[in-house]
Amino acid sequence: QVQLVESGGGLVQAGGSLRLSCAASGSIFNIRVRGWYRQAPGKQRELVAIVTSGGNTNYADFVEGRFTISRDSAKNTVYLQMNSLKPEDTAVYYCNALQWDINYWGQGTQITVSS
């Protein structure tokens with residue numbers, strides 16, 4: 001079992017920045033991918049960004065260079081630095097870890113971007 005705990009959400013004005021953190025604990029061996037997803041009201045959960053165990057990253061098109069995913073392996077923590085936030089970025093953001101073929105999720109953290 002892998003436990004994921006997110007932090008760093010909140011309310012920010014359009015154009016502002018936030019940094020999310022996701023700490024993993026438990027049986028954290030062989031986690032192949034760490035990532036962030038988000039779900040806005042009435043919409044499906046969607047990928048924001050992922051980072052593989054090899055350090056490769058991938059971003060959703062809507063990120064448009066505004067977000068950066070990074071990891072601190074020593075702390076078992078993944079970060080999402082979000083700049084130039086837009087009102088349409090408002091959603092619950094979820095941390096994800098893929099271990100073997102099992103997806104683990106954090107509890108989610110709300111981000112609200114006001115215009």
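The values are calculated or read from the model by the stated rules, or taken from the named source; none is laboratory data. Just so it is clear, the model here is predicted, and its values are computed rather than measured. In this analysis, Cβ positions are derived from the backbone assuming ideal geometry, glycine residues included, and neighbour counts consider all displayed protein chains.
Residue count for region 26-56 under the criterion of being closer than 20 Å to ASP72 by Cα and within 16 Å of the chain's Cα centre (by Cα): the result is 15.
Of all residues in region 68-87, those satisfying the criterion of being assigned to a strand (DSSP E or B) and touching a residue at least 24 places away in the same chain (Cβ under 8 Å) are ILE69, ARG71, THR77, VAL78, TYR79, LEU80, GLN81, MET82.
Considering only residues that are under 23 Å from VAL5 (Cβ atoms) and without any contact (Cβ under 8 Å) to a residue 40 or more places away in the chain, which ones fall in region 38-49? Before you say what the answer is, go through the steps one by one.
Going through region 38-49, the residues under 23 Å from VAL5 (Cβ atoms) turn out to be 38-40, 45-49.
Residues satisfying the conditions are GLU46, LEU47, ALA49.
Is it true that VAL12 is at pLDDT 95 or above, under 18 Å from ALA74 (Cβ atoms) and surrounded by 17 or more Cβ atoms within 10 Å (Cβ to Cβ)? No; evaluated as a whole, the condition is false for this residue. Residues in region 22-60 that are exposed (fewer than 12 other Cβ atoms within 10 Å of the Cβ) and among the hydrophobic types (A, V, I, L, M, F, W, C): PHE29 alone.
For region 88-115, what are the residues that are modelled with pLDDT of 95 or more and part of a loop (DSSP other than H, G, I, E, B)? THR90, GLY106, GLN107, GLY108, listed by residue number.
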